[in-house]
Structure formats: C-alpha cells, structure tokens
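Everything on this sheet refers to the single structure shown next.
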Amino acid sequence: MITKMLKLGTIVAIGFLFSSCSSSDGSNSLMRMFSGNPERTITVAIKDGTAKQLKNSWDKKALSACGSAYTVVNLGSTVSTAGGHNSLSGTISCN
C-alpha cells in the first residue's frame, strides 16, 4: 500500500516537472531556474532624468548584468519617487 503511494507520488512529480519544463511559452520560470540563466531584476534611478535617459540607463545596466544579449521578461513603468528621482525596474533573462 505504501509502496503504491510512493510510486504514484513519484510518477505525479515527474509528470509535473516534465510538463513544466516542456511548456512552449517563453514565460516558463521553472525551466529558466534550472537553465543556468536565472531571471535577474534590474532597477535604476536617475534624479531629474527623462524617460529616454532612464530607459537607456536600464538597458546599459541589463547588458552589463548579462554580458551579452538579454530577453525582457517583465518591464515596469517609470515611477517618480520623493526627492525628484525617477526609477525603472524590470526582470530580464540572459540569452
């Protein structure tokens, strides 16, 4: 009885991992977690900077974090903080 439950649990766990890793969409974080290229969160803040300056700074920081090309997983919008700073945060996955 216990052996049957362990076998069933093992089969369910393997099936879950297989279905998670073989998903065809690009947003599969489980696969990226084991791929050696985990997602990274990039945040920049510029005092009195324009949206274009903020985006350029974010791009430079993302490229330096990966050392090569990257894919944007999630990019937030520009947020104004106290003291005149504008910040931009997003998540990337290195290629």
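The values are calculated or read from the model by the stated rules, or taken from the named source; none is laboratory data. From a predicted model like this one, the values you see are computed outputs, not experimental measurements. Here the Cβ positions follow ideal geometry from the backbone for every residue, glycine too, while neighbour counts run over all protein chains shown. We work out accessible area using only protein heavy atoms, side chains counted, and drop any ligands, DNA or RNA first. Shrake-Rupley method; radii C 1.70, N 1.55, O 1.52, S 1.80 Å.
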For N37, the lone unmet condition from (1) out of contact with any Lys or Arg (no Cβ under 9 Å at 6 or more places or on another chain); (2) at pLDDT 85 or above; (3) closer than 15 Å to C94 by Cβ is (2)
Give me the pairs: first residue in region 66-89 and on the phi > 0 side of the Ramachandran plot, second residue open to solvent by less than 50 Å² (accessible area, probe 1.4 Å) and assigned to a strand (DSSP E or B), beta-carbon distance under 9 Å, and six or more apart or on different chains, which are they?
G67/C94
How many residues does region 39-57 contain that are of a type in the set (D, E) and assigned to a loop (DSSP other than H, G, I, E, B)?
1
Scanning region 72-84 for residues that are loosely packed, with under 14 Cβ neighbours inside 10 Å and not in a loop (DSSP other than H, G, I, E, B) gives V72, N74, V79, S80
Residue in region 44-62 that is of a type in the set (V, I, T), in contact (Cβ under 8 Å) with a residue 24 or more places away in the chain, touching a Ser or Thr at 6+ places or on another chain (Cβ under 6 Å) and exposed (fewer than 15 other Cβ atoms within 10 Å of the Cβ) present
no
